[in-house]
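Below is one structure, written out as structure tokens; the observations come after it.
Readers should treat all values here as calculations from the given coordinates under stated rules, not as data from a laboratory. A quick note: this is a predicted structure, and the numbers were derived from the prediction, not measured. All Cβ positions, glycine included, derive from the backbone under ideal geometry; neighbour counts span all protein chains shown.
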Amino acid sequence: MSSEAAPAAADAPDLHNPPPSLAALFVAFAKMSLSGFGGVLVFARRAIVEEHRWMTADEFNETFALCHFLPGPNIVNLSLVFGSRFRGIAGGLAAFAGLVGPPMLLVTALAAIYSHFGQVEALRRVLAGVSCAAVGLLVSAVFRMMWPLLKKRDVLGLLVMLTVFVAIGLLRLPLPAVLLIAVPVSLAATYAKLRWAK
């Protein structure tokens with residue numbers, strides 16, 4: 001019984017805490033971006049859902065899904081949407097600055113170093129290892145984001161997700177065309193499921 005209660009408690013946001021300040025948003029997203037070589041999503045989800053408990057797992061998934069439909073990189077969209085949710089435009093800008101600012105300075109310094117030492121074979125091997133770790137982190141994030149669907153036994157949601165993966169990842173169909181079909185189908189299925197539940 002306690003093993004089932006623990007994940008639910010970890011997913012619940014801490015409603016007794018005040019919304020994060022501008023400085024807290026900047027620092028949290030700076031930590032995410034500096035931790036996330038090869039991808040920030042894993043660290044963003046961990047910080048927002050598990051560490052600070054600013055959102056539940058479902059809320060994070062819904063917000064991140066929304067960010068897929070906005071122009072630009074998904075994680076950048078997430079920083080703007082998330083920061084704006086708590087502190088308005090200033091919050092969005094603070095989260096965005098934390099996400100983009102520190103890594104930009106670091107990458108500029110690394111680019112200068114790489115221009116001098118980029119042909120060294122040992123460095124190439126290190127970068128190949130980092131890319132493998134980045135793929136592993138991404139796969140880990142996918143499974144953690146799937147967990148709410150698996151817990152609810154949301155067969156329809158998993159089926160839509162699998163279909164979109166096959167269409168885009170394996171069949172290489174264009175993203176806009178797949179989304180034009182997948183989004184209405186997903187919305188209709190969710191609406192029908194909610195009506196059925198009543």
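Summary table
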| quantity | calculated |
| --- | --- |
| Separation of alpha-carbon centers, region 42-69 and region 100-122, rounded to whole Å | 30 Å |
| Range of Cα positions in region 154-198 per principal axis (Å), largest first | 39, 18, 7 |
| Under 28 Å, Cα to Cα: Lys pairs in the chain, sequence gap 8 or more or different chains | 4 |
| Sorted by Cβ neighbour density within 10 Å, fewest at the top, the residues ASP154, ASP58 | ASP58, ASP154 |
| FRET efficiency, 1/(1 + (r/R0)^6) with R0 35 Å, evaluated for VAL27 and TRP147 via beta carbons | 0.80 |
| Average Cα contact separation per residue, the chain, under 8 Å, 6 or more apart, as relative contact order % | 21 percent |
| Spacing of the two label points (7 Å from each Cα toward its C-beta) at LEU70 and ILE181, in nm | 2.8 nm |
| Kirkwood Rh, Cα atoms: Rg over Rh of region 13-112 | 0.96 |
| Globularity index of the chain, i.e. its alpha-carbon radius of gyration over 2.2 N^0.38 Å | 1.17 |
| Degrees between helix 74-117 axis and first principal axis of the chain (Cα, 0 to 90, nearest 10) | 30 degrees |
| Helix 121-151 vs. the chain, principal-axis angle (Cα, 0 to 90°, nearest 10) | 10 degrees |
| Under 15 Å, Cβ to Cβ, from PHE96 - net charge with Lys/Arg +1 and Asp/Glu -1 | +3 |
